[in-house]
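Data first, discussion second: the structure below is written as structure tokens.
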Amino acid sequence: MRPRFSPARFFGAVAVASVPLVALVLIAQASDDDYPYLVGRGKADVTGPAVGVQFFGFVREDQISEGIHTRLFSRAFVVADRQGANRIAFASVDIGSITHAMHQEVVDRLRAKYGDVYSESNVIVSATHTHSGPGGYWHYGTTGPIGSPFYQDHFDAIVQGVADSIAQAHDDLQPGAIHLATGTVKGAGANRSVAAYLANPESERAQYATDTDEGMTLLKFTDASGDIGMVNWFASHPTAMTFFNRLISGDHKGRASELFESEHGAGFVAAFAQSNAGDITPNLNLNNTGPGKDDFETTDIIARRQFEVARDIFGTAAEALSGPIDIRHAYVAMGHTTVSDEFTGAGEQRTCPSAYGYAFAAGSTEDGGGHPLFREGMLTRNAMIDGTVKNQFGLPEPSDDCRDCHAPKVILFAPGELDPPGQSQIVPITLVRLGQVALVCMPGEVTTMAGRRLRGTVAQELGIEPSR
């Protein structure tokens, strides 16, 4: 179904914390023209177990938490029209990923407090995707090659923190304004899969000056008391804290938020949210190194490069958002969806149950690499490898139909064919209009070119120009 709104500008936020805020202020009466929205912000802790839990990000059984570098937070904003009839809640969370079960539980806890004000449609929960946070909060894949034991207490701590941050933002709602700014961040990410990027058509690559998205999109929130918050989207993987690290960390996104909030004082909430960073590393020297002498220095350098651009464009943000709040939300069966020739260029095709290829096991060589038996771009099946995976993890052979559907990718294992599936096969997709800004919200690690294609496709449907 085609969305029925046409914002003037489009920005993709491709998807994919804990100090109570207490304030008593006197609000001067203002007109809707001055403050066209109701705005609120909140922040709550989601740090989780500090010792003894396998980290989420690098799928290493030996990467077990031993302490805390920085605490992890959920930073939330609620925006509503002046009548409070239409609203959106957005939370940027310092964890590796958001599962559907987490999203549902957050909504259930909000409904317990506020009734039908919040739903699966108007609550957006986005991970910064830090790799240096404890895992164990997925219900899926807990016994597979990339799973880890499920810890109910950790799951509960995350969802309660996210719900608390949104509840704070809800209770903080008051007449306010939102201003838009954009900027360019240099030296905060490098393409870690250049060979894959170069496999994109030359005509498509020629439309862009860089092999990463360097654009930052920022929203500035103000009310009668002054500046109260900021959220920006910029694409760079939070892997500056590498797989050698054993300390819980918000990585460069968390550090940048910390810098911005410190500069603006108590109560201010600054979210450095994630965008299409699937192939972008902060380790600018590649091979898991640089630009700093160690993980901590690299984290700080990459954080400050984002922080400085955000500070500059925050100070000059002049384009006031105006217009309605609107949402389109759908669940898509990604394992069995028909795709027309308009998008494939090769006749009608269909998507497949999810499956990991050999290249997945190769990992990102630029961020530390995977198993030495594997390399990126492997297209030849190996019976020894298949047998090892099957024997060690007890996973069934992928079906011939699944192998044919994924070809030429060589399948290592197919969680989408398990019963029940080892990964969710039905995923939420949300399109949000906030005045003249549109946000695309979706799960997964969207890469540079995939993000550009998504922005272009959605912008074409809306009849507007995409951001670059």
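The values are calculated or read from the model by the stated rules, or taken from the named source; none is laboratory data. Just so we're clear, the structure is a prediction, and the values are computed from it rather than from any experiment. Neighbour counts are summed over all protein chains in view; Cβ atoms, including those assigned to glycine, are modelled from backbone coordinates with ideal geometry. Heavy atoms of the whole protein, side chains included, go into the accessibility calculation; ligands, DNA and RNA do not. Shrake-Rupley method; radii C 1.70, N 1.55, O 1.52, S 1.80 Å.
State which residue pairs qualify: first residue within 15 Å of PRO408 (Cβ to Cβ) and inside the range 371-392, second residue surrounded by 12 or more Cβ atoms within 10 Å (Cβ to Cβ) and hydroxyl-bearing (Ser, Thr, Tyr) in any location, beta carbons under 6 Å apart, and separation of 6 or more residues or different chains.
MET378/TYR358
Contact list please: Cβ distance under 9 Å, first residue in the range 293-314 and farther than 19 Å from PHE244 by Cα, second residue open to solvent by 90 Å² or more (accessible area, probe 1.4 Å) and among the charged types (D, E, K, R), pairs at least six apart or on different chains.
That search, which allows pairs on different chains as well, returns ARG305/LYS186; PHE307/GLU263; VAL309/LYS186; ARG311/GLU263.
Sort out which residues of the range 174-214 are open to solvent by less than 30 Å² (accessible area, probe 1.4 Å), part of a strand (DSSP E or B) and closer than 22 Å to GLY278 by Cα, and write them in order of number.
GLY183, ALA190, ASN191
If you check ILE95, ILE68, which single one turns out to be touching a Leu at 6+ places or on another chain (Cβ under 7 Å), modelled with pLDDT of 95 or more, open to solvent by 10 Å² or more (accessible area, probe 1.4 Å) and closer than 29 Å to ASP279 by Cα? If you could, list the steps in order and put the result at the bottom.
Numbers: ILE95 fails: open to solvent by 10 Å² or more (accessible area, probe 1.4 Å).
Selected residue: ILE68, the only one of ILE95, ILE68 that is touching a Leu at 6+ places or on another chain (Cβ under 7 Å), modelled with pLDDT of 95 or more, open to solvent by 10 Å² or more (accessible area, probe 1.4 Å) and closer than 29 Å to ASP279 by Cα.
Considering every residue within the range 45-54, establish whether at least one is at pLDDT 90 or above, open to solvent by 50 Å² or more (accessible area, probe 1.4 Å) and assigned to a strand (DSSP E or B).
yes
Examine the range 346-359 for a residue that is open to solvent by less than 70 Å² (accessible area, probe 1.4 Å), modelled with pLDDT under 85 and in contact with an Asp or Glu (Cβ under 7 Å, 6 or more places away or on another chain), and state whether such a residue exists.
Looking through the range 346-359, at least one residue is open to solvent by less than 70 Å² (accessible area, probe 1.4 Å), modelled with pLDDT under 85 and in contact with an Asp or Glu (Cβ under 7 Å, 6 or more places away or on another chain).
Restricting to the range 153-201, give me the number of residues that are aromatic (Phe, Trp, Tyr) and in contact with a Ser or Thr (Cβ under 8 Å, 6 or more places away or on another chain).
Count: 1.
Output the residue which, of all residues in the range 156-173 that are open to solvent by 30 Å² or more (accessible area, probe 1.4 Å) and touching a strand residue (DSSP E or B) at 6+ places or on another chain (Cβ under 9 Å), is farthest from PRO134 (Cα to Cα).
LEU173
To keep it simple, each residue is scored yes or no on (1) touching a strand residue (DSSP E or B) at 6+ places or on another chain (Cβ under 6 Å); (2) at pLDDT 95 or above.
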position: THR299; (1), (2): no, yes
position: ALA310; (1), (2): yes, yes
position: GLY315; (1), (2): no, yes
position: PRO324; (1), (2): no, yes
position: ALA333; (1), (2): yes, no
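Filter the range 297-328 down to residues that are more than 22 Å from the chain's Cα centre (by Cα) and not aliphatic (A, V, I, L, M) and give me whichever is nearest to ALA89 (Cα to Cα).
Per the stated criteria, the residue is PRO324.
Return the only residue of ALA256, ALA240, ALA318, ALA303 being under 30 Å from ARG82 (Cβ atoms) and either touching a helix residue (DSSP H, G or I) at 6+ places or on another chain (Cβ under 9 Å) or surrounded by fewer than 17 Cβ atoms within 10 Å (Cβ to Cβ) (or both). Full working, then the answer.
Working: ALA256 fails: under 30 Å from ARG82 (Cβ atoms); ALA240 fails: under 30 Å from ARG82 (Cβ atoms); ALA303 fails: under 30 Å from ARG82 (Cβ atoms).
Within the list ALA256, ALA240, ALA318, ALA303, the selection yields ALA318.
Would you mention how many residues in the range 420-453 are among the hydrophobic types (A, V, I, L, M, F, W, C), more than 15 Å from the chain's Cα centre (by Cα) and part of a helix (DSSP H, G or I)? So that I can check it myself, show each step before the final result.
Step one: filter the range 420-453 for residues among the hydrophobic types (A, V, I, L, M, F, W, C), giving 426-427, 429, 431-432, 434, 437-442, 446, 449-450.
If we keep only those that are more than 15 Å from the chain's Cα centre (by Cα) too, we end up with 426, 432, 434, 437-438, 449.
Adding the requirement that they be part of a helix (DSSP H, G or I) leaves 449.
Of the residues in the range 420-453, 1 are among the hydrophobic types (A, V, I, L, M, F, W, C), more than 15 Å from the chain's Cα centre (by Cα) and part of a helix (DSSP H, G or I).
Let me confirm something: among GLU342, GLU376, which residue is surrounded by 11 or more Cβ atoms within 10 Å (Cβ to Cβ) and not hydrophobic (A, V, I, L, M, F, W, C)?
None of the others qualify; the one that does is GLU376.
Count, please, the residues in the range 228-286 that happen to be touching a strand residue (DSSP E or B) at 6+ places or on another chain (Cβ under 9 Å), under 30 Å from LEU198 (Cα atoms), not β-branched (Val, Ile, Thr) and not in a loop (DSSP other than H, G, I, E, B).
8
Looking at VAL427, VAL432, VAL410, which one is under 30 Å from ALA459 (Cβ atoms), β-branched (Val, Ile, Thr) and open to solvent by less than 20 Å² (accessible area, probe 1.4 Å)?
Step by step, each of VAL427, VAL432, VAL410 is checked, and only VAL432 is under 30 Å from ALA459 (Cβ atoms), β-branched (Val, Ile, Thr) and open to solvent by less than 20 Å² (accessible area, probe 1.4 Å).
Does any residue of the range 224-237 turn out to be closer than 10 Å to PHE272 by Cβ, among the aromatic types (Phe, Trp, Tyr), open to solvent by 10 Å² or more (accessible area, probe 1.4 Å) and within 14 Å of the chain's Cα centre (by Cα)?
Yes; the residues of the range 224-237 include at least one that is closer than 10 Å to PHE272 by Cβ, among the aromatic types (Phe, Trp, Tyr), open to solvent by 10 Å² or more (accessible area, probe 1.4 Å) and within 14 Å of the chain's Cα centre (by Cα).
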